[in-house]
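These notes are about the structure you will find just below.
The values are calculated or read from the model by the stated rules, or taken from the named source; none is laboratory data. Computed from a prediction, not measured in an experiment: that's the story for all the values here. No Cβ is skipped: glycine too gets one built from the backbone with ideal geometry, and neighbour counts run over all protein chains shown. Note: areas computed on protein heavy atoms with side chains; ligands, DNA, RNA excluded. Shrake-Rupley method; radii C 1.70, N 1.55, O 1.52, S 1.80 Å.
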Amino acid sequence: MISKDGVSYRVEDRIAWVYFARPEKRNAMNPALNRRMAEVFDELEFRDDVGVLVLGGEGNAWSAGMDLKEYFRETEAQGLGGIRKSQRESYGWFRRLRWFQKPTIAMVNGWCFGGGFGPLFACDLAVAADDARFGLSEINWGILPGGGVTKVVVDLLPMRDAMWLTLTGDLIDGRQAAACRLVNESVPADRLEARVREIAELLLKKNPVALKYAKDAVRRVGNLTYDEAEDYLVRMQEAANFHDKSEGRKEGIRQFIDEKSYKPGLGSYDL
Ligand code: ACO
């Protein structure tokens, strides 16, 4: 495990396990952590031995959101330049994670507050422990959920749920988060890592080029008209064909039609 400036990570069996690692501060995101996360992505994103990235939290928190002292108070004391710099650093790695080259899974082990919804949304899939706790605490200390957080809850949740969390600051647990689709599923805490590993292993069996184009497509088409989406998807498949040096699409057809070694309806072809 490599650990520095509030981020730790290790690579094992093609899975990059990255952790918020300031457990003594409930993994609140300060500028050093935000800068370090971007560096860790530089290190991991295009490595051949990394096929999936998991984002977890050390200790009993996933992330208690932005660090109210170091991210807000101390950068505000530096004036507008300081504020904009710390915003660029945090929004920068959230954006980078949304469009990460490999599929990503949020493994939400505990507290997830406010700004934590940024990386939560940025991960393609999310699994929570049943006893994880999610909340938009912004209203409790007198601000609106900024930094994209309101956009995240409106995109992920029905309006009544988004409004409830935003106005009340009420907490929901992992089970409730799964029920309202903030996360894909929740499992008992002692099963969390094993379940995430299972999902990661499933993804590792898929064509990696197809995964990247497919995950980007899910994020992109929501904002396009039908015709634009159709056009985008045709062109992206053609781009995927170009980037997939394994010619996976042809191989997938061959193993089904000629070799009869698998059924696409029931699982993936052999990479
Ligand atoms: N910013 C700065 N410091 C934090 C944060 C945070 N978001 N969250 C926790 N800490 C610090 C505490 O100040 C404390 O520091 P100290 O040991 O130096 O006193 C340490 O982490 C441990 O926190 P406790 O409050 O003692 O831990 P506890 O387990 O009792 O409570 C909880 C955990 C519920 C997460 C609580 O710390 C909390 O409410 N944190 C703030 C959550 C929040 O509102 N985040 C901001 C969301 S809005 C946004 O992100 C834009």
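Below, the figures for the structure above:
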{"read-out": "Subset tally (residues that are among the hydrophobic types (A, V, I, L, M, F, W, C) and touching a helix residue (DSSP H, G or I) at 6+ places or on another chain (Cβ under 7 Å)) for region 68-84", "value": "1"}
{"read-out": "Residue within region 212-233 that is in contact with a Pro (Cβ under 9 Å, 6 or more places away or on another chain), touching a residue at least 60 places away in the same chain (Cβ under 8 Å) and on the phi < 0 side of the Ramachandran plot present", "value": "yes"}
{"read-out": "Criterion: surrounded by 22 or more Cβ atoms within 10 Å (Cβ to Cβ) and within 12 Å of the ligand (Cβ to nearest atom) - qualifying residue of LEU182, LEU136", "value": "LEU136"}
{"read-out": "The listed residue being among the charged types (D, E, K, R), free of Cβ contacts under 8 Å to residues at least 12 places away in the same chain, open to solvent by 30 Å² or more (accessible area, probe 1.4 Å) and within 13 Å of the ligand (Cβ to nearest atom), out of ARG73, ARG84, ARG88, ARG26", "value": "ARG73"}
{"read-out": "Whichever residue in region 50-70 is over 20 Å from ASN109 (Cβ atoms) and over 16 Å from the mean Cα position of the chain (by Cα) and, among such residues, is least open to solvent (accessible area, probe 1.4 Å)", "value": "GLU70"}
{"read-out": "Single match in ARG95, ARG47 (criterion: more than 16 Å from the ligand (Cβ to nearest atom) and under 13 Å from the mean Cα position of the chain (by Cα))", "value": "ARG95"}
{"read-out": "Looking only at region 126-145, and only at residues there that are in contact with an Asp or Glu (Cβ under 9 Å, 6 or more places away or on another chain) and of a type outside the set (Gly, Ala, Ser), the one that is nearest to LEU97 (Cα to Cα)", "value": "VAL127"}
